[in-house]
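Peer 1: Below is a structure I'd like to ask you about.
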Amino acid sequence: MVDQISRPAESATPELLLPAPAAPFPYLWFSGRTVPWDAASVHVSLVGWPAVNAVFEGIRGYWNERQGALHIFRLDDHIARLERSMRLMRMLPRYSRAELTDAVLGLCRANEAREDVYVQPLAFVAGSRAGNHAEGPPEPEMVITMRPTESALLTGRTLRLGVSSWTRISDDVLPPRIKAMPNYANSRLASNEAQRHGYDAPVFLNRQGKVAESSTSCIVIVRDGVAITPPVTESSLESITQASLLALLSDELKISVQERVVDRTDLYTADEIFLCGTSMEVGAVSEVDDYGIGGSAPGPITARLERLFHDVARGEVPARTAWRTTV
Ligand code: PMP
């Protein structure tokens, strides 16, 4: 194949080498500026390495039609986790927590969002190869994008899981506790495998062979009326959704909650299992490795929890107002 030399066009408009992704909303936020989606280009040679040090957050906004209000779920906690992820990657905190909060809320306003959304702040160091920052810690670039993402709460969906042949990354290699892009290479291997085997999502075991988490969510099992989850030191992200759900279980639903090491066998003998995370929300599980868990519908505790979580996140009940930031 003969390469055609592509010469710069006469016009001042830069040539797009790849089609631009369709705009989910008119604006994004880039390092202090609200920028039209279609104008947010970077040079192609920047693709690749910046992802190695990138850290990010995934945040949901729940639209309440009756109130005409968009409630952002646990925004402060997500920004605090982003700061911790940046600290671990030795990035300087370029914006304060208040500035990032304003950036997220301002972007939602600029985009006039009137539906459920997923907001993704991302911090990365442009041009940084292996990350040996001889001149001191780098100031990251920060980009916030958002897209419409309908909630799946209360749709009655159930998930089939398969225990993965891939081991979860660990704190001495690539810390799963923080939300760093490279962690998702491990997640991706496992979710591809799960899909090829006809499952909806994988369950990762850690290096000790104990249950860790799924590819983009944490795991909770229910046995004899007790909700059980592995501690974060078993190789999982410090999940904001999981912490919220465990608080609702113990404080509002008066269900005992236990943090303990979970065996693979615990999965197969559980009464109920659910996955939880910002994208996943509450994902009731009906099967693990073809062992049936409860029935084909969400189990009784999972169903009550899902209803309560929905009402709290969407601002239908006064409980936990501190978890909602209204745009
Ligand atoms: N584990 C992994 C690997 C994840 O990507 C996510 C999603 N952020 C979670 C767990 C759940 O975390 P959170 O509830 O904070 O979204």
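The values are calculated or read from the model by the stated rules, or taken from the named source; none is laboratory data. What you see is a predicted model, and the numbers here were worked out from it, not measured in a lab. All Cβ positions, glycine included, derive from the backbone under ideal geometry; neighbour counts span all protein chains shown.
Peer 1: Output yes when any residue across the stretch 264-282 is more than 18 Å from the chain's Cα centre (by Cα), closer than 30 Å to PRO50 by Cβ, away from the ligand (no atom under 12 Å from the Cβ) and modelled with pLDDT of 95 or more, and no when none is.
Peer 2: no
Peer 1: Give the residue, chosen from ASP289, ASP311, that is in contact (Cβ under 8 Å) with a residue 12 or more places away in the chain and surrounded by fewer than 20 Cβ atoms within 10 Å (Cβ to Cβ).
Peer 2: Going through ASP289, ASP311 in turn, just one is in contact (Cβ under 8 Å) with a residue 12 or more places away in the chain and surrounded by fewer than 20 Cβ atoms within 10 Å (Cβ to Cβ): ASP289.
Peer 1: On to the next question. Looking at ALA180, ALA185, ALA212, which is the one that is out of contact with any helix residue (DSSP H, G or I) (no Cβ under 8 Å at 6 or more places or on another chain), within 14 Å of the ligand (Cβ to nearest atom) and among the small types (Gly, Ala, Ser)?
Peer 2: Criteria check complete, one pass: ALA185.
Peer 1: Condition check: within 14 Å of the ligand (Cβ to nearest atom), small (Gly, Ala, Ser) and modelled with pLDDT of 95 or more. Does ALA190 satisfy that?
Peer 2: yes
Peer 1: If you take the residues in the stretch 41-80 that are within 23 Å of the chain's Cα centre (by Cα) and part of a loop (DSSP other than H, G, I, E, B), which one is nearest to the ligand (Cβ to nearest atom)?
Peer 2: GLY58
Peer 1: Give LEU267, LEU237, LEU253, LEU248 a once-over and let me know the one that is touching a Leu at 6+ places or on another chain (Cβ under 7 Å), buried (at least 16 other Cβ atoms within 10 Å of the Cβ), of a type outside the set (D, E, K, R) and touching a residue at least 40 places away in the same chain (Cβ under 8 Å).
Peer 2: Result of the check over LEU267, LEU237, LEU253, LEU248: LEU248.
Peer 1: Is it fair to say THR155 is under 25 Å from ALA303 (Cα atoms) and within 14 Å of the ligand (Cβ to nearest atom)?
Peer 2: Answer is no for this residue.
Peer 1: Among the residues that make up the stretch 164-173, is at least one of them among the aliphatic types (A, V, I, L, M) and farther than 30 Å from TRP29 by Cα?
Peer 2: Yes, that holds for at least one residue.
Peer 1: Residue check: is THR229 of a type in the set (S, T, N, Q), within 14 Å of the ligand (Cβ to nearest atom) and touching a Leu at 6+ places or on another chain (Cβ under 8 Å)?
Peer 2: yes
Peer 1: In the stretch 188-209, which residue that is within 24 Å of MET89 (Cβ to Cβ) and in contact with a helix residue (DSSP H, G or I) (Cβ under 9 Å, 6 or more places away or on another chain) is surrounded by the fewest Cβ atoms within 10 Å (Cβ to Cβ)?
Peer 2: For the stretch 188-209, the residue satisfying everything is ASN206.
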